[in-house]
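The values are calculated or read from the model by the stated rules, or taken from the named source; none is laboratory data. Bear in mind the structure is a predicted one, so any value in this text is a computation, not a measurement. All Cβ positions, glycine included, derive from the backbone under ideal geometry; neighbour counts span all protein chains shown. Surface areas here come from the heavy atoms of the whole protein model, side chains and all, with no ligands, DNA or RNA. Shrake-Rupley method; radii C 1.70, N 1.55, O 1.52, S 1.80 Å.
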Amino acid sequence: MDFFHVLVVLLESTIRVSVPLVFAALAGLFTERAGVFDIGLEGKMLGAAFAAGAVAAVTQSVWMGLLAAILISILLSLVHGYASITQRGNQIVSGVAINFIVAGSTVILGEAWFRQGGRTPALAEGARFQTINLPGADTIRDVPVLGPIYADLLSGHFLLTYLAFAMVPASWWILYRTRFGLRLRAVGENPGAVDTAGISVIWLRYRAVICCGILCGFAGAYLSLAMTAGFVKGMTAGKGYIALAALIFAKWRPKNVMFACLLFGFLDALAIRLQGTPLPLIGQVPVQLMQALPYILTVILLAGFIGKAIPPKAGGVPYVKER
Amino acid sequence: MSTPYAKLPGWVEYGLIPLINLAVAFLVAGLVVLLVGENPFEAAYHLINGAFGRGEYIGFTLYYATTFIFTGLAVAVAFHAGLFNIGGEGQAYVGGIGVALACLWLDQVMPWYVVFPLAILGSAFFGALWAFLPGWLQARRGSHIVITTIMFNFIASSLMVYLLTRVLKPLGSMAPQTRTFAEGGQLPKLDWLLSIFGLNVGTAPFNISFLLALAAAFGVWVLIWRTRLGYEMRTMGHSPSAARYAGIRESRITVIAMMISGGLAGMMALNPIMGEQFRMQLDFVQGAGFVGIAVALMGRSHPGGIIPAAILFGVLYQGGAEIAFEMPSISRDMIVIIQGLVILFAGALENMFRPAITRAFAMRGQRTAAVVQTKGA
C-alpha cells in the first residue's frame with residue numbers, strides 16, 4: 001500500500017510538470033508540421049509567463065493574465081514568422097534571437113516595473129488559477145485503489161491541466177481530420193504542390209505559427225498563473241528545449257507527443273523524488289544523470305537507435321515561389 | 001520579391017549592410033531603455049565610458065573580447081561548412097576539463113609556459129570531443145546537428161555539475177570548484193601591451209590568451225581561404241550536391257569541421273580559468289558560447305569581421321556592467337537583449353534592407369550610365 005501511495009504521488013507530480021511540456025510540444029508540432037522549425041518555444045513560453053504574471057498582478061484578473069500571455073506569445077510567433085516566412089531568413093537563427101530577447105527583456109522590464117528582483121508580485125487568489133475538484137472526489141477517496149487514483153491523481157488539477165490533455169486529441173483532429181490540417185501537413189512536406197493547388201503557402205504557414213503562439217501562451221500562463229503564483233525570472237528553465245526534444249522523440253505525432261511529455265515529466269518527478277535515496281541493485285543514481293536523461297534519450301533516438309525520427313520534409317526551408 | 005538579390009559592391013555587402021543591421025538593433029535596444037524610463041543617450045555614454053574610460057576598463061573589454069573571438073570563430077568555422085553549431089556553450093564548458101586537468105597536474109612543479117601549451121591541447125581536445133559526437137551523428141546517422149548540439153549543451157551542464165561536485169572538488173570543500181592553481185596555472189597579464197599606449201591595466205585579467213585568440217583568428221583565415229580542407233568546407237557549405245559531385249567526402253568534412261569548431265570553442269576556457277579565476281568554477285562559460293553566434297553573424301564568419309564584432313561585445317559586457325552600476329533600473333540583462341537583437345537583425349533579418357539598398361544602387365548606377373552616355377554624344 002505504501003508503494004502504491006508513493007506511485008500515486010509520483011504520477012500526480014508527473015502530470016503537474018508535464019502540462020507546460022504538452023502545451024509547448026503541441027505548439028511546436030503545429031509550426032514544424034507546416035515546415036517552420038521553431039527553437040524559440042522556450043522564449044515564447046517565458047514571454048507568455050511574464051505577460052501573464054505582470055498583467056494578472058496589475059488587473060487582479062486571471063483571465064486578463066491568460067489573454068496577455070496568449071497575445072504576447074502570438075506577437076513573438078509573428079516576429080519569428082516574419083523573419084522565417086516573409087524575409088526567408090534562417091529559422092534557427094531567428095528562434096535563438098527570440099529566446100535571448102525574451103530572456104533579457106523579461107528581467108529588465110520586470111525589475112523596472114515591479115522592483116522585486118525580476119519577479120512579479122505574488123498573486124492573490126482571484127488572480128491565479130485554482131485547482132478543480134472533480135465531482136464525488138471526496139466521497140470515494142476512501143475506496144481502496146480506485147479512490148486515490150480518482151481523488152488524488154485525476155481530480156484536483158488546474159483547468160489548464162485538463163485543457164492541455166484535451167488539446168492532444170483536439171490537435172490530432174485538427175491536423176488529421178480537417179482540411180486546414182491536411183493543407184498544413186502538406187505545406188510542411190511539399191509546399192510547391194500546395195502552391196500549385198492555388199493555396200497560399202505564406203498565409204498557411206502564418207496560421208500555423210499563430211496556432212503555435214496560442215499554445216505557447218497557455219504553456220506560459222500555466223507556469224506563472226497555476227504552477228506558481230507569479231513570474232520568477234528564467235522560470236521556464238529549459239522546458240522549451242525539453243518540449244522540443246519531446247516533439248522529436250514523438251516523431252511529430254500528437255499522441256506520441258503526450259506520452260513523450262509524460263515520460264520526460266516522469267523522469268523529472270522521479271529525479272526530485274530519488275534525490276539522495278539509493279536504488280536497489282544500481283545504488284545511488286546521480287541526480288545529474290536523471291536530469292540529463294531526456295536529452296540523452298533524444299540523442300539516442302535521433303541517432304536512429306530507437307526507431308527513426310523523420311522530420312517534415314520541407315522543415316527549415318523557406319518557400320520561394322519561383323525565380 | 002522572388003528575384004535573386006543582385007550583386008552589390010564589397011564595401012556595401014561587408015560594411016554598409018552589417019552596419020545598418022547593427023544600427024537598427026541598437027535603435028530597438030534604445031527603445032527598451034526608453035520603456036524602462038531611462039535616457040538611452042545617457043546609457044550610451046556610460047557604455048562607452050565604462051568600456052574605454054580607463055586602462056583597466058580597456059583591459060576588461062579586451063578580456064571579454066578574447067573569449068568571444070574564440071567562440072565566434074568556432075561558430076564561423078562550422079558555418080562555412082554549412083553547419084550550425086549551437087553547442088559552443090557546452091563545448092567550451094567541457095573544454096574546461098582539459099585546462100583544469102593540465103593545471104591540476106603540473107601547476108606546482110612547472111612554470112606557466114610549460115602548462116599553457118598542454119592546457120591549450122587539453123581544452124581543444126575536450127572541446128573537439130564534445131563536438132565530435134554531434135558531428136559524427138549528423139554525418140553517419142543523419143540526426144540534425146542543431147538539435148543534437150542543443151541536447152549536448154544540457155548534457156554538458158549536467159556532466160560538469162557532477163564532475164565539479166563529486167570528482168574535481170578538493171576534499172572537505174563545499175564550493176563546487178577545483179582548488180586554486182599555483183603559479184604554474186596562472187597566465188601572465190598583458191600589462192606591457194597596454195603600457196605601450198600609456199595605459200595601466202590595473203586589476204583587469206587581460207592575459208596572454210588574447211594573443212592566442214588573434215593567432216587562432218589568423219589560423220582560421222588560413223584554413224578557410226588558403227587550404228584544400230577549407231576549400232572543401234566552403235564548397236560543402238555553398239552546395240552539398242556540388243561537393244558530392246566533386247568527390248568531396250561529406251561525412252569526413254562534417255566531422256572535421258565540427259571538431260575544429262569544438263576545439264576553438266574549448267580553447268575559450270583558457271581565458272577565464274587560467275587567466276582570471278585560476279580555478280574551474282561552476283558555469284564559468286556564462287553564455288559566451290551563445291554570444292559566439294551573434295559575433296559570427298555580425299562578423300560575416302570572417303576573422304577580419306569577427307575580431308571587431310568580438311570587441312564590440314566586449315564593450316557591451318564591460319560597459320554594460322558600468323551602466324548597471326550607474327543606472328540601477330538597467331541590469332546586465334540588457335546585454336542579453338542586445339545580443340538577441342543583433343542575432344535577429346544581423347542574422348535572421350539580414351536581408352530586410354537589402355532590396356531597398358539594391359534599388360538605391362541600381363538607380364545610382366543608371367544615373368552614372370546616363371551621364372556617361374550624354375557626355376559621349
Could you tell me whether the range A:119-134 includes any residue that is farther than 28 Å from A:ALA56 by Cβ and either buried (at least 20 other Cβ atoms within 10 Å of the Cβ) or modelled with pLDDT of 80 or more (or both)?
no
Out of the residues in the range A:232-262 that are assigned to a helix (DSSP H, G or I) and free of Cβ contacts under 8 Å to residues at least 24 places away in the same chain, which is nearest to the other protein chains (Cβ to nearest Cβ)?
A:ASN256
Residue list for the range B:145-182, filter: in contact with a Phe, Trp or Tyr (Cβ under 7 Å, 6 or more places away or on another chain) and either surrounded by fewer than 18 Cβ atoms within 10 Å (Cβ to Cβ) or not assigned by TED's automatic domain parsing to the domain that holds B:LEU83 (or both):
B:THR180
Selection from the range B:121-144 of residues surrounded by fewer than 23 Cβ atoms within 10 Å (Cβ to Cβ) and either under 20 Å from the mean Cα position of the chain (by Cα) or not assigned by TED's automatic domain parsing to the domain that holds B:LEU168 (or both) yields B:LEU121, B:PHE125, B:LEU129, B:PHE132
Please find, within the range A:74-84, the residue that is farthest from the other protein chains (Cβ to nearest Cβ) out of those that are open to solvent by 10 Å² or more (accessible area, probe 1.4 Å) and touching a residue at least 12 places away in the same chain (Cβ under 8 Å).
A:ILE74
List the residue pairs whose Cβ atoms are under 7 Å apart, where the first residue sits in the range A:166-177 and is in a helix (DSSP H, G or I) and surrounded by 12 or more Cβ atoms within 10 Å (Cβ to Cβ), the second is modelled with pLDDT under 95 and of a type in the set (Lys, Arg), and the two are 6 or more positions apart or on different chains.
A:VAL168/A:LYS255; A:TRP172/A:LYS255; A:LEU175/A:ARG33; A:LEU175/A:ARG185
Check the range B:322-339 and report whether any residue there is more than 13 Å from chain A (Cβ to nearest Cβ), surrounded by 20 or more Cβ atoms within 10 Å (Cβ to Cβ) and not β-branched (Val, Ile, Thr).
yes
Looking at the range B:185-201, which of its residues are among the polar types (S, T, N, Q) and farther than 17 Å from B:THR61 by Cβ?
B:GLN186
Filter the helices (runs of 4 or more DSSP H) completely within the range A:1-118 down to those with at least 2 residues that are among the polar types (S, T, N, Q).
A:2-33, A:62-81, A:91-114
Counting only residues in the range B:2-22 that are touching a helix residue (DSSP H, G or I) at 6+ places or on another chain (Cβ under 9 Å) and modelled with pLDDT of 85 or more, the one most open to solvent (accessible area, probe 1.4 Å) is identified as B:ILE20
Given (1) open to solvent by less than 40 Å² (accessible area, probe 1.4 Å); (2) at pLDDT 80 or above; (3) of a type outside the set (Ser, Thr, Tyr); (4) in a helix (DSSP H, G or I), index of the condition B:ALA356 fails
(1)
In the range A:199-239, what count of residues is obtained for those that are within 11 Å of A:PRO20 (Cα to Cα), at pLDDT below 90 and not hydroxyl-bearing (Ser, Thr, Tyr)?
3
Residue count for the range B:275-304, restricted to those that are in a helix (DSSP H, G or I) and more than 23 Å from B:THR149 (Cβ to Cβ)
4
Count of the range B:71-101 residues which are in a helix (DSSP H, G or I) and open to solvent by less than 10 Å² (accessible area, probe 1.4 Å)
18
Evaluation of A:PRO312 against (1) modelled with pLDDT of 80 or more; (2) buried (at least 18 other Cβ atoms within 10 Å of the Cβ); (3) over 30 Å from A:ASP195 (Cα atoms) (one fails), failing number
(3)
Looking only at the range A:63-73, and only at residues there that are open to solvent by 10 Å² or more (accessible area, probe 1.4 Å) and touching a residue at least 40 places away in the same chain (Cβ under 8 Å), the one that is nearest to the other protein chains (Cβ to nearest Cβ)
A:ILE72
Just for the range B:161-192: of the residues that are in a helix (DSSP H, G or I), modelled with pLDDT under 85 and of a type in the set (A, V, I, L, M, F, W, C), which one is nearest to B:GLU276 (Cα to Cα)?
B:TRP192
